[in-house]
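Chemist: After the structure tokens below, expect a handful of questions from me.
Coordinate-derived values only; no laboratory data. It should be emphasised that the depicted structure is a prediction, and the values quoted were computed from it without experimental measurement. Neighbour counts run over all protein chains shown; Cβ positions are idealised from the backbone, glycine included.
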Amino acid sequence: MEGGWRQGESDARVRHDALGPHYPLIRHPGPDAVFAVRGGLRITAEQFLRDVAALGPKLPPRQYVLNLCADRYRFAVGLAAALSRRQVTLLPPNDAALTIAALAADYPDLYCLTDAAASPAVSVPTTLYPAKLDSGAEPMLPSLSGAQPAVLLFTSGSTGRPKATPKSWGTLARSALAAGARLGAAALAGATVVGTVPHQHSYGLESTLLLALQHALVLQAERPFYPGDVAAALESSPRGRILVTTPIHISALLAESGTLPKVDLVISATAPLAHAIAVQAEARFAAPLLEIYGCSEAGQIATRRTAQESLWHCLEGISLHQDDQGTWAEGEPIETATLLHDVIELDGPTRFRLHGRTADLVNIAGKRSSLAHLDRQLTAIAGVLDGAFLMPEAEGEGVTRLMAFVVAPGVAPEVILAALRERVDPAFLPRPLVLVDALPRNSLGKLPREALLRLAARNGSA
């Protein structure tokens, strides 16, 4: 790692040497620029680099680190310190004991970095983030080799066993630069990023942390979750404000009465966002809303302004092509050409329509649809707060019927079914339709199939 920071200047250049390009860790305009806000207190870029320099030597000499810091600022310091030690950060889909135990078995040279009072409930060497770091550590603005291994991102497991995808520092930096260019980050330099999503997952890592690092944005350390907390976090931040969130959080915020804080940009991902919800969100937040399409394997691929268009537009440097296997994404912001697990209709190499997950396609009585499309029709019904279709496991040679789970307080199942008949073919009407208090969504708002199957079993339907 090499670096240096001339007083009052940002060294945002991409350097080249015999090993290829080097990308700066952060691109803030100088040491006094605000890097993060934590507990209402501002943390400068210089202080962040001091903390990175102080934490690095305290990390154990191991190859892999599981960074479980819940505080987004501490996570950022831990990630940067691990990079300074040439350690690879593992980012699993969750921090459940079984998940960590599996990682420890697959990566024996692993330790855990956490800011929690309790260590993980498995036997993994653990380092507690210090309550106080040496404030006298010499700050340095690092420039890291683009080829340096940075993270191992694991898929959510919503369509099977989580899969590890390696990402180099160059891939992460190029992806963040391409995304920021599309999102108009240059005009929002110094804006505060408020994220409702966990930073240990691909979307949260890219759209909160890396976006802030590579575009001189201000990172909010806390992760608000409930609508009141999100609104308070936005209200306490000066303009500009960027909200990084999910469709389920957007719907919850829109359900709140009263005026929502004005923001400058809303970013949404992890699940399809209905056009009507996007239109309402833009009006309530008085800001454009951009959806990001991507996956853990390829990272960020495309965006669209959902309130105004149905086509997705690839980020600069990314293109798509199709063959007998499906649709492939490739380009500089992607580590390697990646097969996408979605049904995509191309409109040239950089524009497309998205029709849902390949695994979501259903065929009943010779008629085809996708679970994502059916979910959208279900949740568009008045009074339905959340809902999801499920294709149960096939048994014998009988006709398989779809089932659906619906969160709709005060609405009778027959009313929902009557509304569905106007929206979908009768072959796709769910039998049964089960009313529940809540769906088992994970921290990203996703619904893993296994969780829905467990819900079906508890309701005597699987």
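Chemist: Give me Ser251, Ser123, Ser257 ranked fewest to most by other Cβ atoms within 10 Å of their Cβ, as a rough exposure proxy.
Modeler: On the way: Ser251 19, Ser123 10, Ser257 4.
With the sparsest Cβ surroundings first, the list reads Ser257, Ser123, Ser251.
Chemist: About its Cα centre, how strong a charge dipole does the chain have in debye, to the nearest 20, once Lys and Arg get +1 and Asp and Glu get -1 at the Cβ?
Modeler: In total the dipole reaches around 420 debye.
Chemist: Report ³J(HN,Hα) in whole Hz for each residue of the stretch 262-275, in order, from the Karplus equation J = 6.51 cos²θ - 1.76 cosθ + 1.60 where θ = phi - 60°; Gly and Pro get x.
Modeler: 6, 10, 9, 6, 10, 10, 10, 6, 5, 7, x, 10, 5, 4
Chemist: When the Karplus curve 6.51 cos²θ - 1.76 cosθ + 1.60 is applied with θ = phi - 60°, which whole-Hz ³J(HN,Hα) does each residue of the stretch 144-151 get, with x for Gly and Pro?
Modeler: So the J values, rounded to whole Hz, are 9, 4, x, 7, 5, x, 10, 9.
Chemist: Considering every pair of different Cα atoms, what Kirkwood radius, in Å, is found for the stretch 365-458?
Modeler: Evaluated on the stretch 365-458, it is 13.7 Å.
Chemist: Among the lysines, which fall within straight-line cross-link reach of Lys167, defined as a Cα-Cα distance under 24 Å, with same-chain neighbours fewer than 8 residues apart omitted?
Modeler: Hits, sequence-local ones excluded: Lys446.
Chemist: Further question: Return the long-range amide H neighbours of Gly190 (sequence gap of 5 or more, or a different chain), with a cut-off of under 5 Å between placed amide H atoms.
Modeler: Leu217, Val218
Chemist: Next up: Using Cα centres only, tell me the gap between the stretch 416-430 and the stretch 248-326 in whole Å.
Modeler: For the stretch 416-430 versus the stretch 248-326, the Cα centre distance is 27 Å.
Chemist: When the chain is fully extended, how far beyond the present Cα-Cα distance does Ala457 get from Leu41, taking 0.36 nm per residue of separation?
Modeler: Residue separation times 0.36 nm, minus the Cα-Cα distance, leaves 145.0 nm.
Chemist: Also: Identify all lysines with a Cα-Cα distance to Lys132 below 25 Å; exclude those on the same chain that are fewer than 8 residues away in sequence.
Modeler: Lys58
Chemist: Using just the Cα positions, wrap the stretch 2-356 in a convex hull and report its mean projected area in square nanometres, one decimal place.
Modeler: Projected over every direction and averaged, the Cα hull of the stretch 2-356 covers 17.8 nm².
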